[in-house]
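*Asks:* My questions will all concern the structure given below.
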Amino acid sequence: IFGDRLYFELQENGMDEQHEANRGLKQLSAEFGIPLAATNDCHYLNREEYKAHELLLCIQTGKNILDANRFKFTTDQLYFKSPEEMRKNFAHCPEAIDNTVAIAARCNLELDFGNHYFPIFPVPEGESLDSLFEKTAKDGFKERLRELLRRQEVSPELEKTYRKRLDMEIDVIKTMEFPGYFLIVADFINWAKNHDIPVGPGRGSGAGSLVAYSMRITDIDPIPYGLIFERFLNVERKSMPDFDVDFCQERRGEVIKYVHDKYGGDDHVTQIITFGSMKAKGVIRDVGRALAMPYGDVDRIAKLVPDELKMTIKKAMEQEPRLKDLYQRDEQVRQLLDIALVLEGLQRHTSIHAAGVVISPEPMVEHLPVCKGPKGEVLTQYDMKYTEMTGLIKFDFLGLKTLTVIDRALKLIKEERGEPLDINAIPMDDPKTYDLLCKGDALGVFQLESSGMRQLLMKMKPEIFTDLIALVALYRPGPLESGMVEDFVNTKHGKMVASYPLPQLEPILKETYGVIVYQEQVMKIANVLAGYSLGDADNLRRAMGKKISSVMEEQRGKFMKGAEKNNVPLDKAEHIFDLMAKFAGYGFNKSHSAAYALISYQTAYLKAHYPAQFMAALLSCDVNNTDKVVKYINECKDHHIDVLPPDINESNQDFTVVNDRIRFGLAAVKNVGGAALDSIMEERQKDGPYKSLGDFCSRVDS
């Protein structure tokens, strides 16, 4: 079968068992004429890391170094040996080394990282991907336009703006060869909607696409809010489009299953693996446990590591003098930290990426290795970064609990009021909703329920939807620390006067009271003052965000030259470029902010108009979180909403609403499991209410 490709493997690692194996393999080699090849099993890089590897095995097996029966290797030779060491070790059999070199010479692999491998989207006979995409986008736009006409008048100029934008986007998407991608995303989103699975209005820069809105990939119209398509996709920056899609948390799996079944099952559709690494505090605790050190001592050392993102043990010793002092004077601490430094950053466990799903036109194994997850699901063996490098297309399916809350609230409203509420048709200028927000009454409202955000709501007092978009964008450390938020609030309330370095900037910054809040505003300023195309302006925005000095100087020269052509004074142009560079780091993606502000508004509207149903939905989605159940029940009391106690004959599993009063859900009762609840509900439905405790005990066997 194998011809001249079969070898016997020899190793020299100092283990008695290996010596016995080598002796037997040499005999078989001589007897059958099968050549020998020399290798060395590698578990660590250098010989000095043997001790750290021994402790790693203790961590993996839940043992400590004092356990005589723990799993261990009886050699320190399992490291990456140099060619000189290998030749010395195999001096008794030099041909084995020569054969290993010959095998290596046979192994040639070239990986092509320049292509994209799009899933095959089925196209009707007589159509191409381009023609089907264009038809779908234009037909969808006609329907969106009819919806708009039912809400407001549309002038010929406005309709022309829409059509011009639609044609531009279609041309760019076709030029960049992405029609198939848009069709695939639209297909699984519309499948979800047709199966009553809630889908978010949009997420990320994709919410700025009119094509996406027309194809019902997104549900926010980009034109009224000045959302820019080039922030998502432009011919000057050749990169894959990336729609992150939010689904109802409870039913996200159904959409993934639909995609899995449609595009070829496990052979073609996989989720992406993620690797959890050993971080500074965790690895100190792990090594301390493996060294059998007292828990209190290890805990004290671990707590000296600062709570900062991307903190390392080395940085911790530089920043925390007490840790450095312990390392220098305590031998046991030094041993602990030296080993922890070697193990820090190694992979500790694997899990499944929260959103990523890869679809391959060919069997997945032709592009990357796969493995089985804990529940038998097929996963890539590459993480997201390396999976994308193979050219396979990733789709993001995110679960958003708020969509589940909205869906449950709408169902309760229909049950209680008899009429369905179309959440996508609610008025966007509802006084009751804005009154609720201005009071900071935002507990349970998406993105707005933290105490800091509620304080900001009361300071800002949003009056229109664009205020809410800005609010979502501003509530981040950068803007809060820079003074931008204070300027925004004070100018909004007339305590400061908005200033514009040039009159041309007023139309761009008026909505945000003279403050650069969005990345898209940086792009528009470059477009208006310096003649950048919006695609080029996006490259400028990215350069400013990364703050690479050489690129920034190149962009500064280009901006100054363009501004000069537009008769912008030199000093003004310099000042505005510096202003843009300063705020580009703080600026937020307006498309994402607008899409999430819409969910915020929808939840605020539900709380303002249907408080009992909204709070019942919130409670049902957090039945396993006692702290939140208590918090939301207190909120109900503050709003004079009665929460009736659990009743074995009246309560359902979830919280329900009867005559605007909430009935406690049985699923929130402590120590009542799912199987018991199913039995209780099934028996009650079959034979009617329980008449007494004795009746209940005799009927429910659980």
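*Asks:* Tell me which of these Glu95 doesn't satisfy, since it passes every other one: (1) touching a residue at least 24 places away in the same chain (Cβ under 8 Å); (2) out of contact with any Phe, Trp or Tyr (no Cβ under 7 Å at 6 or more places or on another chain); (3) more than 28 Å from Met364 (Cβ to Cβ); (4) buried (at least 16 other Cβ atoms within 10 Å of the Cβ).
*Replies:* (4)
*Asks:* Right, here's the next one. Answer yes or no as to whether Ala192 is surrounded by 17 or more Cβ atoms within 10 Å (Cβ to Cβ), touching a Ser or Thr at 6+ places or on another chain (Cβ under 8 Å), in contact (Cβ under 8 Å) with a residue 12 or more places away in the chain and within 26 Å of Ser360 (Cα to Cα).
*Replies:* When the stated conditions are applied, Ala192 does not pass them.
*Asks:* Moving on to the next point. Exactly one condition in (1) in a helix (DSSP H, G or I); (2) over 24 Å from the mean Cα position of the chain (by Cα) is not met by Val472; state its number.
*Replies:* Just one mismatch for Val472, condition (2).
*Asks:* Could you list, in sequence order, the residues of the stretch 494-514 that are among the hydrophobic types (A, V, I, L, M, F, W, C) and touching a residue at least 40 places away in the same chain (Cβ under 8 Å)?
*Replies:* Hits for the stretch 494-514 are Leu502, Leu505.
*Asks:* Mind listing just one residue for me: the one in the stretch 108-148 that is closer than 24 Å to Asp267 by Cα and of a type in the set (D, E, K, R) and, of those, surrounded by the most Cβ atoms within 10 Å (Cβ to Cβ)?
*Replies:* Asp112
*Asks:* Continuing with this model, one more query. In this structure, does Asp687 turn out to be of a type in the set (Asp, Glu), under 21 Å from Ile413 (Cα atoms), assigned by TED's automatic domain parsing to the domain that holds Leu619 and out of contact with any Leu (no Cβ under 6 Å at 6 or more places or on another chain)?
*Replies:* For Asp687, the condition - of a type in the set (Asp, Glu), under 21 Å from Ile413 (Cα atoms), assigned by TED's automatic domain parsing to the domain that holds Leu619 and out of contact with any Leu (no Cβ under 6 Å at 6 or more places or on another chain) - is not met.
*Asks:* State the number of residues belonging to the stretch 541-575 that are in a helix (DSSP H, G or I) and either in the same structural domain as Ser205 (by TED's automatic domain parsing) or closer than 21 Å to Gly585 by Cβ (or both).
*Replies:* Of the residues in that region, 21 qualify.
*Asks:* Is it true that Asp627 is loosely packed, with under 13 Cβ neighbours inside 10 Å, outside any loop (DSSP other than H, G, I, E, B), of a type in the set (Asp, Glu) and not assigned by TED's automatic domain parsing to the domain that holds Ser450?
*Replies:* Spelling it out, Asp627 is indeed loosely packed, with under 13 Cβ neighbours inside 10 Å, outside any loop (DSSP other than H, G, I, E, B), of a type in the set (Asp, Glu) and not assigned by TED's automatic domain parsing to the domain that holds Ser450.
Matching residues to (1) modelled with pLDDT of 90 or more; (2) aliphatic (A, V, I, L, M); (3) buried (at least 16 other Cβ atoms within 10 Å of the Cβ):
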| residue | (1), (2), (3) |
| --- | --- |
| His575 | yes, no, no |
| Ser591 | yes, no, yes |
| Leu606 | yes, yes, yes |
| Ala616 | yes, yes, yes |
| Cys621 | yes, no, yes |
| Asp638 | yes, no, no |
| Asp642 | yes, no, no |
| Ile648 | yes, yes, no |
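*Asks:* A further question follows. Given (1) touching a helix residue (DSSP H, G or I) at 6+ places or on another chain (Cβ under 6 Å); (2) under 26 Å from Leu392 (Cβ atoms), where does Pro198 come up short, assuming only one miss?
*Replies:* For Pro198, the failing item is (2).
*Asks:* Of everything in the stretch 290-303 that's part of a helix (DSSP H, G or I) and out of contact with any Gly (no Cβ under 6 Å at 6 or more places or on another chain), which residue is farthest from Ala340 (Cα to Cα)? Steps first, please.
*Replies:* Narrowing the stretch 290-303 to residues part of a helix (DSSP H, G or I): 290, 295-302.
Add one more test, that the residue is out of contact with any Gly (no Cβ under 6 Å at 6 or more places or on another chain), and what stays is 290, 295-297, 299-302.
Values: Ala290: 11, Tyr295: 16, Gly296: 17, Asp297: 15, Asp299: 14, Arg300: 15, Ile301: 12, Ala302: 11 Å.
So the residue we want is Gly296.
*Asks:* Tally time: how many residues in the stretch 573-599 are farther than 16 Å from Ala470 by Cβ and aromatic (Phe, Trp, Tyr)?
*Replies:* 1
*Asks:* Does the stretch 666-675 contain any residue that is loosely packed, with under 11 Cβ neighbours inside 10 Å and part of a helix (DSSP H, G or I)?
*Replies:* yes
*Asks:* Considering only residues that are within 11 Å of Gln271 (Cβ to Cβ) and either touching a Gly at 6+ places or on another chain (Cβ under 6 Å) or of a type outside the set (A, V, I, L, M, F, W, C) (or both), look in the stretch 376-388 and name the one that is modelled with the lowest pLDDT. Give the derivation first.
*Replies:* We begin by selecting, within the stretch 376-388, every residue within 11 Å of Gln271 (Cβ to Cβ); these are 377-380, 384, 387.
Then drop every residue that is not either touching a Gly at 6+ places or on another chain (Cβ under 6 Å) or of a type outside the set (A, V, I, L, M, F, W, C) (or both), which leaves 377, 379-380, 384, 387.
Working: Glu377: 89, Leu379: 96, Thr380: 96, Met384: 93, Thr387: 94.
Once the filter is applied, the top-ranked residue is Glu377.
*Asks:* Now for a different question. Please find, among Leu36, Leu25, Leu66, the residue that is among the hydrophobic types (A, V, I, L, M, F, W, C) and modelled with pLDDT under 95.
*Replies:* Leu66
*Asks:* Same structure again: If you check every pair at least six apart or on different chains, which have Cβ atoms under 7 Å apart with a residue in the stretch 580-598 that is not assigned by TED's automatic domain parsing to the domain that holds Ala207 first and a residue that is of a type in the set (Asp, Glu) and buried (at least 24 other Cβ atoms within 10 Å of the Cβ) second?
*Replies:* Matching pairs, first to second residue: Lys590/Glu520.
*Asks:* Let me ask something else. Can Leu145 be described as over 32 Å from the mean Cα position of the chain (by Cα) and outside the structural domain of Gln335 (by TED's automatic domain parsing)?
*Replies:* Considered against the rule, which asks whether it is over 32 Å from the mean Cα position of the chain (by Cα) and outside the structural domain of Gln335 (by TED's automatic domain parsing), Leu145 comes out as yes.
*Asks:* Please state which of the following conditions Tyr44 fails to meet, knowing it meets all the rest: (1) in contact (Cβ under 8 Å) with a residue 12 or more places away in the chain; (2) surrounded by fewer than 18 Cβ atoms within 10 Å (Cβ to Cβ).
*Replies:* Tyr44 satisfies every listed condition except (2).
*Asks:* Please report, ordered by residue number, the helices (runs of 4 or more DSSP H) entirely within the stretch 304-401 with at least 3 residues that are in the same structural domain as Gly180 (by TED's automatic domain parsing). Lay out the reasoning, then the answer.
*Replies:* Numbers: elements: 313-319, 321-329, 331-343, 384-389.
Filter on the stretch 304-401 gives 384-389.
*Asks:* May I pose another question? Evaluate the following for Ala612: is it farther than 22 Å from Ala207 by Cα, at pLDDT below 95 and buried (at least 22 other Cβ atoms within 10 Å of the Cβ)?
*Replies:* Working: farther than 22 Å from Ala207 by Cα: yes; at pLDDT below 95: no; buried (at least 22 other Cβ atoms within 10 Å of the Cβ): yes.
Taking the combined requirement at face value, the residue does not satisfy it.
The values are calculated or read from the model by the stated rules, or taken from the named source; none is laboratory data. Only a predicted model underlies this, so the values are computations on that prediction, with no experimental measurement involved. Methodologically, a virtual Cβ is constructed for each residue, glycine included, from the backbone with ideal geometry; neighbour enumeration extends over all protein chains shown.
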